[in-house]
Amino acid sequence: MAKVLVIGSGGREHAIAYKFNQSALVDEVFVAPGNPGMGDVATIIDIKVDDYDKLIDFCLQQKIDLVFVGPEIPLCDGIVDRLSAKGINIFGPSKAAARLEGSKVFSKQMMKKYNIPTAKYASFADYEAAKEYLLQQKCPIVIKADGLAAGKGVVIAQDMDEALNDLEQMMCNDLFKDAGKNVVIEEYLEGEEFSLLAFVKDKKVYGMQLAQDHKRAYDNDEGLNTGGMGAYTPVNHLPESAYDEAMNKIMKPMAEAMVTEGCPFVGVLYGGCMLTKDGVKTIEFNVRFGDPETEVILLAMKNDLYETIMDILNDKPIELEFDDKKYLGVVMANKGYPGTYAKGAPINGLDDVDLCFHMGTGIDDHGNYTANGGRVLFIVGKGDSLLEAKTNAYVNVEKIKCDTLFYRHDIGDKGLNHE
Ligand code: AMP
Ligand code: GLY
């Protein structure tokens, strides 16, 4: 029987631990550093995601059979290289391969070099040059910080005054700290977004069922970009050709390109895609499971997660299978997110909820859960139709009593409009 260590502390990691815990091949799941809500499926270990020496010691002492990393920061920082160098079995991209997410400039250069469809762009390290270029563009225009910014480093400027201000904030006023020292300025695309996640080992790409995220903070896609405010799977209203196009023109070519460049990708590759009038285009790549897409995709996935990953690592062919249910989840976040917010309000009603992944809970002196993060809870509904899944999710959202939480009311509506 195997021991698995999941690294991370959000809803994604709760879902990953939940899925490993269901495996007949796994007898112990650890999560570091986790959050107090994950105790139902894992043993919580108090080691930070970037305390590599402690993580290595823990893995060696416990004879961990598989390490799975949730968040991008340790991946971009080279956790896979460090742990593999000690003989630890870890599934995820090397530091070099993680540049696909860690640097938007690298990612765009790769797409350009290998003809992978994406928005036209230019990248800059020099503010004056960026400004000069920007002044020649049409609005709306998209400006992206090169480095990691927790899904918040992208601005879509509606007019030139706003664009110039955003550029100055990023490049001169450290809005996104070092992440914004270099920027990508790219064409604004219109269309419907979807997330295609795939298990990848070198040139082999196993696509999962599509999911759709909701990036903006408020209903009707208003407010700032967030890490994601809700998700559902499958996304049946998109044509099957969109899936095939995303696999054949984006995911597989990028996996092959990474092999050609000498930094083969191993792990979960996330294609943030948009179906435009000119076909499917790449909005971004992430080098890990998406949050909150994972929380719904893993519920739908019939395969044993441990067996699947071990087979992929051992170059055994796999076939992914998904059930025929619909899953829809709603993020409950602290008011103010993705900006600043107050922490620590008590959460009541959790015991009455059918299925919930903890994204950012804490625990107070009385053992009660508190709202401790930006995104706090992910409440899931399941159904035979998307409408049923949505209804079930919101019935459960209503059971949560917490003064500081807010949520979107329109998760899944893009799909429902087509049902
Ligand atoms: P990213 O972090 O690159 O995924 O960007 C965050 C969000 O900004 C995306 O999910 C889109 O909603 C939006 N976005 C990014 N790039 C573009 C683009 N070129 N055109 C339109 N919207 C975009
Ligand atoms: N849900 C988007 C992301 O994980 O980046």
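The values are calculated or read from the model by the stated rules, or taken from the named source; none is laboratory data. Keep in mind that what you see is a predicted model, and the values were worked out from it rather than measured. In this analysis, Cβ positions are derived from the backbone assuming ideal geometry, glycine residues included, and neighbour counts consider all displayed protein chains.
Within the range 350-380, if we keep just the residues that are part of a loop (DSSP other than H, G, I, E, B) and of a type in the set (G, A, S), the residue that is farthest from D40 (Cα to Cα) turns out to be G374. Just name the residue that is farthest from the chain's Cα centre (by Cα) out of those in the range 266-310 that are among the β-branched types (V, I, T) and more than 18 Å from V67 (Cβ to Cβ). Selected residue: T276.
Only one of (1) under 30 Å from I143 (Cα atoms); (2) within 16 Å of ligand 2 (Cβ to nearest atom); (3) in contact with a helix residue (DSSP H, G or I) (Cβ under 9 Å, 6 or more places away or on another chain) fails for V266. Which number is that? Evaluating V266 over (1) under 30 Å from I143 (Cα atoms); (2) within 16 Å of ligand 2 (Cβ to nearest atom); (3) in contact with a helix residue (DSSP H, G or I) (Cβ under 9 Å, 6 or more places away or on another chain) leaves (2) as the failure. Number of residues in the range 139-162 that are outside any strand (DSSP E or B) and at pLDDT 90 or above equals 6. Set side by side, the residues A242, A163, A211, A157 differ, and just one is under 19 Å from the mean Cα position of the chain (by Cα) and either away from ligand 2 (no atom under 16 Å from the Cβ) or of a type in the set (G, A, S) (or both), which is A211.
Contact map, the range 106-130: first residue within 10 Å of V183 (Cβ to Cβ), second residue assigned to a loop (DSSP other than H, G, I, E, B) and of a type in the set (D, E), Cβ cut-off under 8 Å, separation 6 or more or different chains; pairs are S123/D146. Counting residues in the range 21-32 that are touching a strand residue (DSSP E or B) at 6+ places or on another chain (Cβ under 9 Å) and within 17 Å of G362 (Cα to Cα) gives one or more.
Residue-by-condition table, conditions (1) surrounded by fewer than 20 Cβ atoms within 10 Å (Cβ to Cβ); (2) hydroxyl-bearing (S, T, Y); (3) in contact (Cβ under 8 Å) with a residue 60 or more places away in the chain; (4) outside any loop (DSSP other than H, G, I, E, B):
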{"site": "D311", "(1), (2), (3), (4)": "yes, no, no, yes"}
{"site": "L328", "(1), (2), (3), (4)": "no, no, yes, yes"}
{"site": "K382", "(1), (2), (3), (4)": "yes, no, yes, yes"}
{"site": "A393", "(1), (2), (3), (4)": "no, no, yes, yes"}
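Inclusion of E192 among residues that are among the charged types (D, E, K, R) and either crowded, with 23+ Cβ neighbours inside 10 Å or within 16 Å of ligand 2 (Cβ to nearest atom) (or both) is warranted. Is it fair to say A246 is outside any strand (DSSP E or B) and crowded, with 23+ Cβ neighbours inside 10 Å? Yes, satisfied.
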